[in-house]
Amino acid sequence: MNPRVLTQADQIAIVTRRRLSDKVFRAILIFGGTTSFFVLLAIFLYLVQRSAPVLREFGLGFATNSIWYSGDGFPASQGSSDPANFGLFPMAYGTLLVALIAMVIAVPISVMLALGISYYMPKRVSAAVTFIVDLAASIPSVVFGLWGLFILVPHARYWAQLLNRYLDWIPIFDVTFPSFDQSPFVAGLVLALMITPIVTSISREIFSQTPLELIQGAYALGATRAAMIRNIVLPFGRGGVVGGAMLGLGRAMGETVAVFFVLQLFYDQTNWFRILESQGGNVASLIVARYGEATEFELAGLFGAGLVLFILTLGANLVASSIISRTTKKKRVSKK
Amino acid sequence: MSNNSPEREEVSIPAISVDRSASLGSSAQEALNDQGAPVAQHGAREMEAQNLHIWFGNNLVLEKVDLVFPANTVTALIGPSGCGKSTFIRTLNRMHELIPTAALAGKVLLDGRDIYSPDVDVTQIRLKVGMVFQKPNPFPAMSIRDNVLSGLRLAKLPAGDKESLVEECLTRAGLWTEVKDRLSEPALALSGGQQQRLCIARALAVKPEVLLMDEPCSALDPGSTLKIEDTISYLSDSITIIIVTHNMQQAARVSDYTAFFLAQYGEPGRVVEHTTTSQIFSRPKDPRTESYITGKFG
C-alpha cells in the first residue's frame, strides 16, 4: 500500500505538554509581573480619587495656574469668603528645571567617570572607584540634603556669584535680586551629586559590554585610546547612557528631602530660567512644605500635586525604557 | 626509513598540491639557508622574530622563535590549537600587550628595526602591520564605505581622495563588484565572507607593509574561503602576509613558506620546522611535522 500525498487536512496538532514545575513557575512570574502593574494602577486611581475635589474645582487650571493660596481652607464654590486657590504650574515647571540642571551637570561627569573606570584607571584603582561609586548610590537622600544645606550651599554661593559676575550676559546666569542662596542651581547641584553614582554605574556597565573584537579591530587600525573610545565605545554605549540618564532624571524629579532643604519655593511666580535666583519650584518639596498644616481641601490639592508628579516621572521613565529597548534591538542586529 | 621507500609514498597527501612553488623566486629573490628557511635581508616590508620568548604571567607559552618573513611573500603558520600561533602573530603588531599579564623577550624587527624599542610609537606599528581577525569584525555603526575609511579616521590620517581609495581597497580585497552600488548600506548587511573581505579592505586602506591574518577563513563557507585565498595571492605581490591557518590545503595553496608550531604537553610552544611550503608538504624533515600535516594528530 503506497502512502498517499498528504494535504493540509492531514496536519496534526502539535502539543507540548507543560510540566507542573513550568506551570507553577509561570504562575509566579505572571503574578509578580502583573502585581507591579496593578499597584501602579491602584496608586494612580487613589491619587485621582483623593484629588477629585480640587480637580473638579479648578479643572486643568490646577496644572496651569500660578498660585498656592490656602485662604480659610474652603473653595469659592462652597461659599468661602476667603477662598483657597491652587495652581501648580511654578512647582511643576520648577521640578523639570531643577532636574534638567541636575542632568546637565551629572551626565557629562558620569560618562567621563565611567570611561575612566573602564579604560583609563589601573585595575586596582578602578575597582576601588567602582566600589565607592556603588556605595555613594546608597547614601540616603536626607544626608545629601543636609550636606547640601550646611556644606555645599556656602560654596555654591561663591560659585554662583562667580558665574553671575562674569557670565551674567547669558540670561540664565542673570539675577534680579543678588541673594544666590537656595536657587535652582544649588538644588540641581545637590541632585546632580545624588544621581551621578547611578548614572555612572549604568554607563560603566554598558561600556564594559563593548565587544572586544571591535575594540581590537580599532586598535589594530592604529587607533589611539581616545580615538577608539570616540569611534567605538561611545557609539555603542550611546543608547545605554541615555537610558541611564533618564533613570537618573526620574529619580531627580521625584526627590523630596534633598531639594526641600536647599530650594526657596515661590508658589505664585514661575522662575523660567534664572537658575541663580533664590526662587524656584518643586512639586515634591511643596508637598513636604504644606502637608503639616493642610486643611482637607488643601490636602486634596497636595494629592493633585502628587498626581502631576506621578505623571511627569512616569513620562520620563517611559521615554527611558523606549530608548533602552531601541538600543537592545540594535545590539541584537550587531550580534548576527 | 629512506625518503624514497614505498611507505613514504603512502603518507604523502594527494589532496594537497602546492601551487605556489613556481612563483617563489619570481616575485622575490630570497636567500634560503640550508634548511630551506628564508634568511633575513633587513629590507623594506620584511618582518623578523629574533629569539622571541612570550609569557602570560609566569607561564612561558612560546620559546625561542626565530622566523623571517621576507618582503612580498606569504607565510603560513600551522600547528595544533594552543601551540601559540595566534599569540605569536599578535606580538607582530603589538596587540599582544593589550592583554594585562602579557610579556616578552627577544626582538621583533620590521624593516630591520625593533618594533618594541622604547622610542617606537605603537600606533605607527599597527598602521604598518595590519591585522585581520578570526571572526569578521566590521564596525556595526558604520556603512561599508565608512568601514573602509575607518582606519584613516581612527588614526587621524589625511584622507585625500576618499572615493578612489574606497574603490581601490575594495577592489584589492576582491569585494568591489559586489558592493559598488551599495556603499552606504550598513556593513552588517553583508554576508560573513563579504564582511571578512571588507575587513581586509579596511586594513589595506591605511597602506600597511605587512598584513597579519589570524585564521581569516575559519568562520567562512568554502566559496568565501576561496575568494579570500584569491585575494591573498593577489595582495602578496605588494605586501607581506602572515597567515595562521588550521587548514592544510589552504596553507599549501596560498603560502610560499610554512612554519610548523608545536607545544608538547607541559612545554612551551616552539617552531619545529620552517621552510618553503613545497618542501614542508612534500618532504617534511621532522616526523612530528609529517604526522601533523597528514592528519595523525592535531
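Details
- Relative contact order (percent, whole number), chain B, Cα cutoff 8 Å, 6+ residue spacing: 27 percent
- Sorted by Cβ density within 10 Å, fewest first, the residues A:Arg56, A:Arg290: A:Arg56, A:Arg290
- Entries of B:Lys107/B:Lys128; B:Lys107/B:Lys285; B:Lys85/B:Lys107; B:Lys64/B:Lys207 with Cα pairs more than 22 Å apart: B:Lys107/B:Lys285; B:Lys64/B:Lys207
- Summarising the strand pairing of the protein assembly as shown, around 60 percent of its internal DSSP beta bridges are antiparallel.
- Of all DSSP bridge pairs formed entirely within chain B, close to 60 percent run antiparallel.
- Relative contact order for chain A, counting Cα pairs under 8 Å that sit 6 or more residues apart, in percent: 26 percent
- Total charge dipole magnitude, the range B:152-247, about the Cα centre, Cβ charges on Lys, Arg, Asp, Glu only, Debye to nearest 20: 340 debye
- Counting other Cβ atoms within 10 Å as a rough exposure proxy, the listed residues B:His246, B:His96, B:His42 run B:His42, B:His246, B:His96 from fewest neighbours to most.
- Degrees, to the nearest 10: B:162-172 long Cα axis against longest axis of chain B: 30 degrees
- Given +1 at the Cβ of Lys and Arg, -1 at the Cβ of Asp and Glu and no other charges, the dipole of the protein assembly as shown around its Cα centre is 1020 debye to the nearest 20.
- Rounded to the nearest 20 debye, dipole of the range A:85-307 from Cβ charges on Lys, Arg, Asp, Glu: 920 debye
- Across peptide B:81-89, the mean count of Cβ atoms from other chains lying within 10 Å of each residue's own Cβ comes to 0.
- Shielding by partners - mean other protein chain Cβ count within 10 Å, residues of B:130-142: 5
- Of the residues B:Ser236, A:Ser36, the one with the fewest other Cβ atoms within 10 Å heads the list, and the complete ranking is A:Ser36, B:Ser236.
- Selection among A:Thr7, A:Val241, A:Met194 by position relative to the dipole of chain A gives A:Thr7 as farthest towards the positive end (Cβ unit charges, Cα centre).
- Rounded tilt (10° steps) of A:153-167 against the dominant C-alpha axis of chain A: 90 degrees
- Between helix A:184-208 and chain A there is an angle of about 10 degrees, using the helix long axis and the longest principal axis of the Cα atoms.
- Cα centroid separation, the range A:274-294 to the range B:164-241 (Å): 63 Å
- Bridging of B:Lys156 to aspartates and glutamates at a Cα separation below 17 Å is possible for B:Asp121, B:Asp146, once same-chain residues fewer than 8 apart are set aside.
The numbers here are math on the coordinates, done by the rules we state, and not lab data. Computed from a predicted structure; not experimentally measured. Positions of Cβ are generated from backbone atoms using ideal geometry, with glycine treated the same way; all protein chains shown enter the neighbour counts.
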